[in-house]
Amino acid sequence: MDGDMAGKSDITADFKQLKVQKLSREGSLSLHVADQLEALIVNGGIGVGEKLPTENGLCEAFGVSRTVIREAITHLKSLGLVETRRGVGTTVLRSTSVEAMPAKRISPTTVEDILHVLELRLNLEPAAAALAAERHDDEDRRILQDKHRAFIEARAAKSQAREEDYEFHYAIAAATKNPFFKVFYEQLSQSVIPRAKLMSIEINTAATDKYLARVEEEHTYILEAILARDPQAAREMMYQHLHRARTMYAKYQEA
């Protein structure tokens with residue numbers, strides 16, 4: 001045990017020498033953390049095979065909450081830069097990003113539709129998540145957990161999990177107790193889920209599981225924040241979830 005603690009202390013001490021910047025800006029703190037960590041990895045400040053400090057060490061170094069650190073690590077995992085294993089910690093896998101993309105290519109019209117819907121969702125759903133954190137009752141809690149479990153099971157069954165994805169977000173809208181959030185989801189139906197717009201020939205089946213694993217993890221953090229009645233964290237987690245999707249799908253316009 002003493003040896004393990006000493007090892008962790010050494011990692012944290014070495015990390016502090018890299019002079020990361022404490023954050024004071026409001027909003028999108030996790031992206032600021034992720035950007036600094038990504039730069040350190042890409043530039044060799046943290047080498048391949050090395051471990052990142054513990055969550056507590058990163059919280060202290062950046063001056064942010066565990067929620068922010070978790071979301072930043074999720075972003076790095078989505079880029080294929082690190083992996084996290086229980087009992088081991090977070091280890092750097094490579095120094096160049098390899099993002100899991102859900103499709104090989106997407107038609108320009110479809111990409112435009114997806115980006116328009118995500119833009120709309122970015123302006124509504126973070127607020128919905130915050131309200132759900134404040135207002136959900138026991139029945140909402142049960143439904144949210146059930147829908148999240150259904151998504152996990154669908155992914156395990158190698159499904160695209162489109163319906164389960166939709167129903168998770170719809171449950172959040174219902175938990176706001178504002179009927180107009182539900183109306184928004186009911187009107188657009190599963191078309192709010194970008195994968196629902198993809199043709200089968202466009203789907204990159206080899207990357208789908210990794211892509212959906214990232215979605216599952218993001219859903220987990222959103223759910224945890226809502227159930228903890230932490231509206232600020234719920235808003236941040238939802239914003240990052242949708243912002244990352246919009247940034248990724250925007251890359252298809254560059255192809």
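Observations on the structure shown:
- In sequence order, calculated HN-Hα J values of the range 115-131 (Karplus, 6.51, -1.76, 1.60; Hz; x Gly/Pro): 5, 5, 5, 5, 4, 4, 4, 4, 8, 10, 6, x, 5, 4, 4, 5, 5
- Simple label model, 7 Å out from Cα along Cβ direction - R141 to T91, nm: 3.8
- If you take all other residues with their beta carbon under 13 Å from the beta carbon of A130, and give Lys and Arg +1 and Asp and Glu -1, the sum is 0.
- Net dipole in debye of the range 100-147 [+1 Lys, Arg Cβ; -1 Asp, Glu Cβ; about Cα centre; nearest 20]: 340
- Look at the dipole of the range 104-197 built from charges on Cβ: of A150, T110, L188, the Cα furthest out on the positive end belongs to T110.
Rule-based calculations on the coordinates, nothing more; no lab input. Keep in mind the model is a prediction, meaning the values are calculated, not measured. Cβ coordinates were reconstructed from backbone atoms using ideal geometry, including for glycine residues, and neighbour counts include every protein chain displayed.
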